[in-house]
Amino acid sequence: MTNKITIHLAAPRGFCAGVDRAIEIVKKTIKKYGTPVYVRHEIVHNKYVVEDLKKQGVIFIEELDEIKDKSRPVIFSAHGVPKSVPDSAKIKKIFFIDAICPLVSKVHKEAEQLNKNGFRILLIGHAYHPEVIGTMGQLPKGSVHLIETINDATSYNYLSNQKKLAYITQTTLSVDDTAEIIKILKDRFPNIRSPKREDICYATTNRQLAVKKIAPLCDILFVIGSKNSSNSLRLVEVAKRSGCENTFLIDSKNESEINDIQKYKNIGITSGASAPEKLVFDLINAIKKNAEVEVKEIEIAKENVSFKLPKTLN
C-alpha cells in the first residue's frame, strides 16, 4: 500500500531580491564582456549556484591577487566587501562590478553616518561571515565592536565618558536571538541609538516566520541550503525551536533520506534565500516517487521586491 504524505511547503522561500540581482549581474557581465569573469568569494552562499556559474565561465577567487588576467572584470559578492578591496582594485587598474545587496549597502551607509556623527558602533553579527567582515571594513579598525552572543551583550564594557553608543546588525540573523541581544543592550544602555529601520532584511524575517508556521505540523523538516549560508542555518535553528527537532539542512535531494521517508506522514520543506527553486521541486519529485503526496503551501507574506542592476550593465 502506498504511503500517504503531506508536504508542508513554506512560502516565501528561496531566492530573495538581493540574490536574484547578484546572479543576474554575473550573467549580464558574461553576456556583455565574455568569459572568463572573476567573482571574489562565492557570489551567494549556495553550492548549486556556484557550480552552475563555473560551467558558464566564472572563476571564483578569494583575493584579487589570484586574478591571472587583470584585463577581465571582477564581481564582488552580494555579501559586500571591506573598502580596502575596491581601493586595491583601483590601484591594480582592475575593472570591477559590485553585486552587494542594497540592504547590506544600507547597513554600510548607516555605519559610516554613525561614525561621522561620533558614535561608538556595536555590530550584532557572526565573526568571519563575509557580510560582517565587509561592514566592519567600511570604517577604520576599532570603530566597530562585534557582539555575537547574549554573553557579549551582557559583558560589553562601555564607559559613559566614551562616545555615544549605537548598534547595527547583520542582515541574515535569527530575528528572535537578535531581539534578545537588543533588549539586553537597551536595558543596559537606555540611550543606545537603534537603526531607523531594522537591519535584518525582509527576506530573512519572512522565511523565519514561514518556518515557525509549518514546524509544529511536521515530523521531519528539510531546509534546502548550503552549510555556509547564514540565513539557511538560522532557518534550521528556528524550525527546531518552533516544534520540529527533526530538522535538517541539505544541499540537494541526494542528501535526504528519501528511502526512509515512508515512515513520515508530515514533511516540511523550505529553502534559504540563496537556494534555487529547482532544488525544492527536485526534492518534492523524489518524495513523490515513493509515496502518494499532497502538497500544502503555507504562505505568510507576498514578496514583490526587486532591485535595479548597476548602470554599467544597462
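The table below gives the values:
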{"read-out": "Odd one out for V280, checked against (1) within 30 Å of D98 (Cα to Cα); (2) out of contact with any strand residue (DSSP E or B) (no Cβ under 6 Å at 6 or more places or on another chain)", "value": "(2)"}
{"read-out": "Of residues in the stretch 204-242 being in a loop (DSSP other than H, G, I, E, B) and out of contact with any Lys or Arg (no Cβ under 8 Å at 6 or more places or on another chain), the one nearest to E299 (Cα to Cα)", "value": "C218"}
{"read-out": "All positions within the stretch 204-224 that are under 17 Å from the mean Cα position of the chain (by Cα) and of a type in the set (V, I, T)", "value": "T204, T205, V211, V223, I224"}
{"read-out": "Pairs with Cβ under 7 Å, 6+ apart, first in the stretch 261-278 and in a helix (DSSP H, G or I) and basic (K, R), second at pLDDT 95 or above and buried (at least 20 other Cβ atoms within 10 Å of the Cβ)", "value": "none"}
{"read-out": "Qualifying residues in the stretch 165-209 (those that are among the small types (G, A, S) and surrounded by fewer than 15 Cβ atoms within 10 Å (Cβ to Cβ)) - the one farthest from A153 (Cα to Cα)", "value": "S194"}
{"read-out": "Where a residue in the stretch 1-25 is in the same structural domain as V39 (by TED's automatic domain parsing) and its partner, wherever it lies, is surrounded by 23 or more Cβ atoms within 10 Å (Cβ to Cβ) and acidic (D, E), with Cβ under 6 Å and at least six apart", "value": "none"}
{"read-out": "V39 being crowded, with 22+ Cβ neighbours inside 10 Å, under 18 Å from R207 (Cβ atoms) and not assigned by TED's automatic domain parsing to the domain that holds I261", "value": "no"}
{"read-out": "Odd one out for I168, checked against (1) touching a Ser or Thr at 6+ places or on another chain (Cβ under 9 Å); (2) within 30 Å of N246 (Cα to Cα); (3) touching a residue at least 60 places away in the same chain (Cβ under 8 Å)", "value": "(2)"}
{"read-out": "Condition check for A291: in contact (Cβ under 8 Å) with a residue 12 or more places away in the chain and out of contact with any strand residue (DSSP E or B) (no Cβ under 6 Å at 6 or more places or on another chain)", "value": "no"}
{"read-out": "Top-ranked residue of the stretch 114-155 - restricted to ones that are under 18 Å from the mean Cα position of the chain (by Cα) and part of a loop (DSSP other than H, G, I, E, B), ranked as surrounded by the fewest Cβ atoms within 10 Å (Cβ to Cβ)", "value": "Y128"}
{"read-out": "Residue check, K47 surrounded by fewer than 22 Cβ atoms within 10 Å (Cβ to Cβ), closer than 28 Å to M136 by Cα and touching a residue at least 60 places away in the same chain (Cβ under 8 Å)", "value": "yes"}
{"read-out": "Residue in the stretch 229-241 that is crowded, with 17+ Cβ neighbours inside 10 Å, among the basic types (K, R) and closer than 16 Å to T178 by Cβ present", "value": "yes"}
{"read-out": "Test result for L103, in contact with a Lys or Arg (Cβ under 8 Å, 6 or more places away or on another chain), closer than 18 Å to S194 by Cα and in a helix (DSSP H, G or I)", "value": "no"}
{"read-out": "Which listed residue, of L217, L249, is over 25 Å from D20 (Cβ atoms) and in contact with a strand residue (DSSP E or B) (Cβ under 6 Å, 6 or more places away or on another chain)", "value": "L217"}
{"read-out": "Scope the stretch 26-44; condition assigned to a helix (DSSP H, G or I) and either β-branched (V, I, T) or touching a residue at least 12 places away in the same chain (Cβ under 8 Å) (or both); matching residues", "value": "V26, K27, K28, T29, I30, K32, Y33"}
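Conditions tested, residue by residue: (1) loosely packed, with under 15 Cβ neighbours inside 10 Å; (2) in a loop (DSSP other than H, G, I, E, B).
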position	(1), (2)
E245	yes, yes
A286	no, no
N290	no, yes
K296	yes, no
A301	yes, yes
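The values are calculated or read from the model by the stated rules, or taken from the named source; none is laboratory data. This one's a predicted model, so the numbers in the text were calculated from it and none came from an experiment. Neighbour counts run over all protein chains shown; Cβ positions are idealised from the backbone, glycine included.
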